[in-house]
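Working notes, beginning with the structure itself.
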Amino acid sequence: MASLDELFSAARAIQQKAYAPYSRFKVGAAIMTPSGQIFAGCNVENAAYPIGTCAEAGAIAAMVAAGESRIAAIVVMGEGESLVTPCGGCRQRIREFASPETPIHVAGPEGIRKSFTLDVLLPFSFGPENLTAR
Ligand code: THU
């Protein structure tokens, strides 16, 4: 089982791989699944600005491609002094594969700065259950 330290290290390592020539703001994200595996992703920007993708989206794509579909914990690593919490769209992306209690750790290069649960970042959320409860 991977530790939070390993998850943090995975996010920090992949942040360096980010392709962010436009914003110059590199982000890394690392997901731990219940089986203890780690999947990481970075932001990938594009000259057509709106189609750039977030680090969290890359990590989720890697997880799904490996056949996993539950997020036990996620670390998001951004630049600067302030908290780089997942954007609104990524909160919803995480929501698809997580539970309300799933920890979302927001990190800087020095370590975890603050930990939230998904429910705190995305209260009263819409999810797969809405589509089956009809
Ligand atoms: N970004 C992420 O990758 N994840 C977030 O949660 C916040 C923003 C990226 C998108 C864009 O490439 C850059 O950070 C600046 O917004």
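The values are calculated or read from the model by the stated rules, or taken from the named source; none is laboratory data. The structure presented is a predicted model; accordingly, all values stated were derived computationally and were not measured. Every residue, glycine among them, receives a Cβ derived from its backbone with ideal geometry; neighbour counts consider all protein chains shown.
Points worth noting:
- Set side by side, the residues GLY58, GLY28, GLY80 differ, and just one is over 22 Å from ASP119 (Cβ atoms) and touching a Gly at 6+ places or on another chain (Cβ under 7 Å), which is GLY58.
- Test result for ALA2, aliphatic (A, V, I, L, M), in a loop (DSSP other than H, G, I, E, B) and more than 15 Å from the ligand (Cβ to nearest atom): yes
- ILE94 vs. criteria at pLDDT 95 or above, closer than 14 Å to LEU7 by Cα and in contact with a helix residue (DSSP H, G or I) (Cβ under 7 Å, 6 or more places away or on another chain): no
- Residue, farthest from the ligand (Cβ to nearest atom), within region 6-31, restricted to residues that are farther than 14 Å from PRO109 by Cβ and not small (Gly, Ala, Ser): GLU6
Residue by residue, here is whether (1) farther than 16 Å from PRO34 by Cβ; (2) more than 11 Å from the ligand (Cβ to nearest atom) holds:
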| position | (1), (2) |
| --- | --- |
| GLY52 | yes, no |
| GLU56 | yes, no |
| ILE60 | no, yes |
| MET63 | no, yes |
| GLU68 | no, yes |
| ARG91 | yes, no |
| GLU101 | no, yes |
| ALA107 | yes, yes |
| ASP119 | yes, yes |
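- Every condition in (1) β-branched (Val, Ile, Thr); (2) modelled with pLDDT under 95; (3) closer than 20 Å to SER9 by Cβ holds for VAL84 except the one numbered (2).
- Note on region 95-122: among residues that are of a type in the set (Val, Ile, Thr) and closer than 12 Å to ILE74 by Cα, the one that is nearest to the chain's Cα centre (by Cα) is ILE104.
- Residue tally, condition surrounded by 19 or more Cβ atoms within 10 Å (Cβ to Cβ), in a strand (DSSP E or B) and within 16 Å of the ligand (Cβ to nearest atom), over region 32-50: 4
- Conditions (1) touching a strand residue (DSSP E or B) at 6+ places or on another chain (Cβ under 8 Å); (2) outside any loop (DSSP other than H, G, I, E, B): number failed by ILE71: (2)
- With respect to the conditions (1) within 16 Å of the ligand (Cβ to nearest atom); (2) modelled with pLDDT under 95, ARG134 falls short on a single one, namely (1).
- Near pairs, Cβ below 6 angstrom, 6+ apart or cross-chain, from region 70-89 (away from the ligand (no atom under 12 Å from the Cβ)) to any residue that is part of a strand (DSSP E or B) and modelled with pLDDT of 95 or more: ILE71/ILE31; ALA72/MET32; ALA73/MET32; ALA73/PRO103
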